[in-house]
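So the structure is just underneath, and the comments pick up after that.
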Amino acid sequence: MAAACALKRRLDQKDHHRSVELISDKTAAALEVPVQKRQTSFDSNYAAAIRADPGGPHACRAKVRLVLDGCVQVCRVVHGRTLISKLLNTKYLCRWESHHLYVTDDGVQSRTRQGFMDTPVTYSEIREVRRMGLWEAAHKFCLSLVLPTGLLVLQMSSPVARDQWYHSISWKKRMFRHKTKLNECRKPEALVREIKAMIDVCMQEPLLDDAIYQTPLDVVSGLLTKHHLWTDRLLREELMLALTPLLERLQPSREVCEFFSRFCRDYPRSILVQLRVAPVVEKILKHNVDFSKFLHTRRLVQDLLLALGSQGSGYQATKDLICRMHGPGSTCPHPRVLPNLVAACLGAVFLLQEAWRRPADDQNALGLATDQTKAHEHLDLFLNVVGFVSECDDWRPGLALLLQPIPFPETAVSHPAFVRSLAPVLKRIGSDPRCEVHKMVLATREEKDGWLDVVCPSSASCPDDGQLWAGMLSTLLTCCCRRKAFLKSLLKVLGACQLMALRGDTTCQEILCQMLEWGLIADCQDQRVTVSTLVSTASGEARYRALCDRMNQLRELQSKGGPRVLSLPSRSTDHDLAQLLSTGCFGNLEALSLAFTSITSQSAEQLIKLPNLRCLNLWCTQFGDDGLLLITEHLPKLEVLNLCETYVTNKSLPSLAALKGLHTLNLNSTKLSAETWTALRIQLPELREVDVRYTDAW
């Protein structure tokens, strides 16, 4: 009986040891603790867990978001050395704690330092980061951090969250390792190899966050401050090649821009200038918002343009760069390229002007020209860039607007050579048929000079014999500036007009005739000089004779009288009106009705020859802004004006304020705004009958 009891005790004890061993092995397999004797069963169990959990470690590397903090369940498993410790660390007896964890640059820590997370877990302690399959029904989607003393198990609510934490901690751990190695490197060759490895790791990361690429860029930016490491050309080229993937996604930092700028200045003819630096500059020009906040990026653009201009192809490489940024279409898809290019060129011009006043040492430090010849070459390069920009039709309106205030230094604008280099740009702007373009050669305000004044023959900075100035005047007068106010502003350059008319310029001859016809030249001596100038050439004499015939005819019409009221039949044209007024006696005409005719703004030149006109009806005609501006200047005695269903807009309607005697006004169905109408009501005190129906002021 005693022997039987002893045998039973030995069997029970053996079964107990076997069960304890089985529990310990299952726990180790579930927590991914290597156990040699149970490796086969662990592999089969883990494969089954992977099939049950598609988001496991062998799932496809889909893009996930970077996680830097969050609430998770934490369990710490310590390696068992005794039977009691193994039993306490089984999965059935594990204790879970809720923690708000932070993934920092140094490790993983909890907001509340207590329990399992009483101290931060540094990346140097973490030997491995593993994703776990199904552990048990209540606890799944776990992540284990293998530590020297055991495991730190993190439990998430879903496989997606688990993968996010896994990739985030793994990436932070790898970055920590690379930073440590980079701090320990002393040789530049080893430094470049480690930078390449770090960037390759970041480019292969499945994390979806800009910090994945910004972190290695910040690390490299810090290393670039050590200039003694980057004296070898081959190392600098290898580093540029390594940085290319990062700069395809991010804007370069200040240190990277300075590194690329130094390379452009030191090796302007290197092939990497076009292959590696040019794409970075293209990205800057397409996405930069304000160069005043990022002066290093503007300097990089300037150094690249100088490097491209010094290559064997001349300015062709620079033109190719601008063409690539503009694109093959008729309209550039990147609206920031134009202002950024112009800002870079303007900044370079100011730098060059300032460099001429600095000592040679300061100029060398800035990479600027040390002699006048080199400085003029650099200046021509940047002005040629502006010239390439002006060749694009879609860029010309914006360029004209940027150049209208004459943003160049006064010392440069006062130099004829500078204006001569800029002359092709001014010619394209001044001869453009669009009003919003060619009007930009005028001054922004009366007391300030515009490009028309700069290139005037009477100006000291005139780049030629006045041909550019005459071409600008021709475009302005044939489009939108054939007005009394504009010709009156040209009286200050009357001598220049007389000089160009003496040289046979037909535009200036027409201007002088118009001034005489409208009585703008008040001084008798100036009138005699003007007439003498006109009759000194065959073309001028012909225009002056035509002017005399018109003036004699007008005086004859006024002396003969004629009808006081006139109404033209429908479908009358501008030619019909001109022929009628040139053959009849309408010196006393006071009321004229052109309603429902095909009259346009061109007839305004005939209407202003009727000084006694008091009532004008333009209902349902094609009369527009240019005509209204002209008649408000020359017919101040108008009392009744009907503009119903015409093409006048807010561009010309404010000029009605000059008609102080106006008492009846019809603006029905025009593009009148409420603001313009409010101002007109104040400026026209005699206005009694008004019709503003079907307008914004109604």
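Each reported figure results from applying straightforward, stated rules to the coordinates on display, with no laboratory input. None of these values were measured; they are calculated from a predicted model. Note that we place each Cβ from the backbone using ideal geometry, even for glycine, and neighbour counts take in every protein chain shown.
Brief remarks follow.
- Evaluated with a Cβ-only charge set (Lys, Arg +1; Asp, Glu -1), the range 148-202 carries a dipole of roughly 180 debye about its Cα centre, given to the nearest 20.
- Taking 203, 472 and counting other C-beta atoms within 10 Å, the order from fewest to most: 203, 472
- Residues of the range 610-644 with amide N under 18 Å of a point placed 7 Å along Cα→Cβ from residue 698: 619-621, 642-644
- Relative exposure of 173, 63, 319, judged by other C-beta atoms within 10 Å (fewest first): 63, 319, 173
- Around residue 501: net Lys/Arg minus Asp/Glu count, Cβ-Cβ under 14 Å: -3
- Cross-link pairs 172/283; 172/286; 181/283; 283/319 - those with Cα-Cα distance over 21 Å: 172/283; 172/286; 181/283
- Per-residue packing, averaged as other Cβ atoms within 10 Å, sorts the ranges 182-189, 214-221 into the order 214-221, 182-189, beginning with the highest.
- 5 angstrom amide H check on residue 638, placed H, neighbours 5+ away: none
- Selection from 348, 267, 381, by position along the positive dipole direction of the range 251-394 (Cβ): 267
- Counted charge near residue 288, where neighbours are those whose Cβ lies closer than 12 Å (Asp, Glu -1; Lys, Arg +1): +3
- Long pairs among 488/671; 427/609; 448/637; 484/671, criterion Cα-Cα beyond 27 Å: 488/671; 427/609; 448/637
- Rel. contact order, % - alpha carbon contacts under 8 angstrom, at least six apart, the range 565-679: 21
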